[in-house]
There are 2 protein chains.
Amino acid sequence: VKKSDVVRAILPLHLRKEPAQAQGLAFAPTNIALVKYWGKRNTELNLAYTSSLSIALPDQGALTKVNLHEGKQDQVVLNGNEIANNTEFFKRIAEFLNLFRFQSAWHFNIDIQMNIPVAAGLASSACGFASLTLALKDLFAWPLRFQELSILARLGSGSAARSLWQGFVEWHSGASADGMDSYAEPLTATWPSLCVAILAFSDQAKPISSREAMQATVNSSALYQCWVQKATHDLALLKQAIHNQQFPLFGGTAESNALNMHATMLSSWPPICYFLPATLAAMHEIWSLRQQGLELYFTEDAGPNLKLLFLEKDASAVKQHFPQIEVLRVFE
Amino acid sequence: VKKSDVVRAILPLHLRKEPAQAQGLAFAPTNIALVKYWGKRNTELNLAYTSSLSIALPDQGALTKVNLHEGKQDQVVLNGNEIANNTEFFKRIAEFLNLFRFQSAWHFNIDIQMNIPVAAGLASSACGFASLTLALKDLFAWPLRFQELSILARLGSGSAARSLWQGFVEWHSGASADGMDSYAEPLTATWPSLCVAILAFSDQAKPISSREAMQATVNSSALYQCWVQKATHDLALLKQAIHNQQFPLFGGTAESNALNMHATMLSSWPPICYFLPATLAAMHEIWSLRQQGLELYFTEDAGPNLKLLFLEKDASAVKQHFPQIEVLRVFE
């Protein structure tokens, strides 16, 4: 099964024939996975071994404009800078756009404004491909349900499947070979007192992309099979914690899941380690604060930065220990 | 099965009735596990889930003197300082000595000289209990084979089973409930050009003892079952590497095994992490040096220090990058 087969099944030909308006425009938030996506059962279609669950950051993400233009190739502008066509970033976007060209002569102008550090483990490709998918929907006025848009966004980047909504979002791994059952959906639950803060140590590009790192983990970690079971178990626990608003279970499950993912990477060969010394120092500090009674947990993606999880009642205490953070209320 | 049952099976009563001389004296080297022991299938008898393989550090270890004395309780002196009888260290030694008291009125004087930092992940309990076992053998003139002495040393500390020999030593996990098949044996192979160096970051006592940490890992890590399989696989690989003197396979297997053990700890809840920021900085440096072609690997035990593994040909290059180390030739 190819990506183009999936697009064909979702989008009848007449819906791709011409734009409904001059420009498509859409915003998609970045998301932080609380139960992680790590490892693909199908690398062509970005189908995950496990289901995952994320929280959106309401005001951080990507705003994308898209229109057809007369040029000989696509043009991609990120935060005002044109991206060279020999970069990995350009190639991934152009390859995604290939799925939606009715004629090969069609070329797109893409203008992406992101207000998050690019490639620092803050899921820039998730909000990037999600906003591009939504902007294309806007341009062509596709009459698609969000479930189908989630499948299309996934073809660009796995975690983009989760970036179409605010709040808690679950991406079902699905089981079918064509991935038509592998899409995300929002949870109805909210948690108004929940806070998130990004504890950043580096905005440098990662030494290894998450795309490469997860495949290297699947191929070389002896612990991977156990990780799959752990993630499945964590998803059930996290949904229970959200349903009952049990914060220690919520934070503990998210932190344990993140540490298990990084453990699985560390067990790969060659070893994969996104921790910097500063990351580790902050982890030790968080564990020590927690021992002193502060309900503070963290998660970490494929990058050195930590994302802190806490409740509004503890926001000022957390801010006192980490003055550099901006406290984000995710349900406001 | 109790420890005392094992002692009874190995040592007939008449062999424990009286000392053969006034004092027993013995040295045992510390050992560095290259395939780790992490997790007990039986905590009373210190029976491991997996077999392990270590290398002895020839000149570092414990020299122990033991004699019976008239006092009302045991006396333990470590590096010239008397150990208080309410410490964990004293209690573990007194409990071990209980196994060898012919009459309850018997008390021992134990004098241990260790030339390694105590409780900093350098297997002080391994060489401590191994030397104490050998010193008792000397005192009583037990006509035991080393295999039986290894079983007795194990009752004090699991890794002590491996500290009775120089060079490479394999501890068979065994399968029987009484552990009579769980003892160590030396490998015949040597590797004269093999070098080891300790890269120390802290000689402070560990935040959590390896004894507690391994049990917490067994009880709470979702990755533990996969670790058991990994360790079993690594043991076969390492023996092959030693047999064929294939250094990258040797170093790579040892490093991967250590990282998998630490990964399994990190996946426990609450998380267990012996890495300090300085440990992690050194790991990143070693990975970077290796990418540049230097055949340098590391292993790490339940502490923040790294043990570097390299060949004599690279000793000066390694020393240039880590000037603080002392290069140890383990087969000299």
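Some notes on this structure:
- Counting only lysines at least 8 places from B:LYS313 when in the same chain, those with an alpha carbon closer than 29 Å to its own are B:LYS36, B:LYS239.
- For A:THR190, the label point sits 7 Å beyond Cα toward Cβ; its separations from the matching points on the remaining copies run 7.5 nm, from shortest to longest.
- Using Cβ point charges alone (K and R +1, D and E -1), the dipole size of the range A:154-289 about the Cα centre works out to roughly 80 debye.
- Relative frequency of Cα-Cα separations exceeding 21 Å in the range B:59-171, percent: 31
- Taking a ≥ b ≥ c as the square roots of the eigenvalues of the Cα gyration tensor, the range A:119-183 is oblate, since a/c reaches 1.5 or more and a/b is not larger than b/c.
- Among B:LEU53, B:THR30, B:PRO12 - extreme Cα towards positive end, dipole of the range B:1-66, charges at beta-carbon: B:PRO12
- At least 18 Å along the helix axis (C-alpha) and Kyte average at least 1.0, DSSP helices within chain A: A:124-140
- In the range B:227-271, Rg over Rh equals 1.10, where Rg is the alpha-carbon radius of gyration and Rh the Kirkwood radius from pairwise Cα distances.
- Counting Cβ atoms of other protein chains within 10 Å of each Cβ in B:284-291 and taking the mean gives 2.
- Of all DSSP beta bridges in the range B:35-124, antiparallel share, percent nearest 5: 75
- Prolate/oblate/rounded label for the range B:2-137 (Cα gyration tensor, a/c 1.5): oblate
- In this Cβ point-charge picture (+1 for Lys and Arg, -1 for Asp and Glu), the range A:217-317 has a dipole of about 180 debye about its Cα centre.
- Simple label model, 7 Å out from Cα along Cβ direction - A:ALA9 to B:TRP269, nm: 3.5
- Relative protection proxy for B:249-258, B:100-109, A:143-152, A:182-191, from highest mean packing down: B:249-258, A:143-152, A:182-191, B:100-109 (other beta-carbon atoms within 10 angstrom).
- Copy-to-copy label distances for B:GLN292, where each label lies 7 Å from Cα along Cα-to-Cβ, are 4.0 nm in order of increasing length.
- Volume per residue that the Cα convex hull of chain A spans, once the total is divided by residue count, Å³: 129
- Each Lys and Arg Cβ is given +1 and each Asp and Glu Cβ -1; about its Cα centre, chain B then shows a dipole of about 560 debye.
- Relative packing of peptides B:236-243, B:71-78, B:153-160 - highest average C-beta neighbours within 10 Å first: B:153-160, B:236-243, B:71-78
- Tensor-based shape of the range B:245-305 (alpha-carbon gyration tensor, a/c under 1.5 rounded, otherwise prolate or oblate): oblate
- Legend note: in chain A, cysteines whose Cβ sits 4.7 Å or more from every other cysteine Cβ are A:CYS127, A:CYS195, A:CYS273.
- Calculated log₁₀ intensity ratio I(q)/I(0) where the Debye formula runs over C-alpha points of the range B:147-294, q = 0.09, 0.14 Å⁻¹: -0.35, -0.90
- Counting only lysines at least 8 places from B:LYS319 when in the same chain, those with an alpha carbon closer than 20 Å to its own are B:LYS307.
Values quoted throughout were computed directly from the atomic coordinates according to the rules given, and no laboratory measurement underlies them. Because the structure is a prediction, the values reported are computed rather than measured. Please note: Cβ atoms are built from the backbone with ideal geometry, for glycine as well, and neighbour counts cover all protein chains shown.
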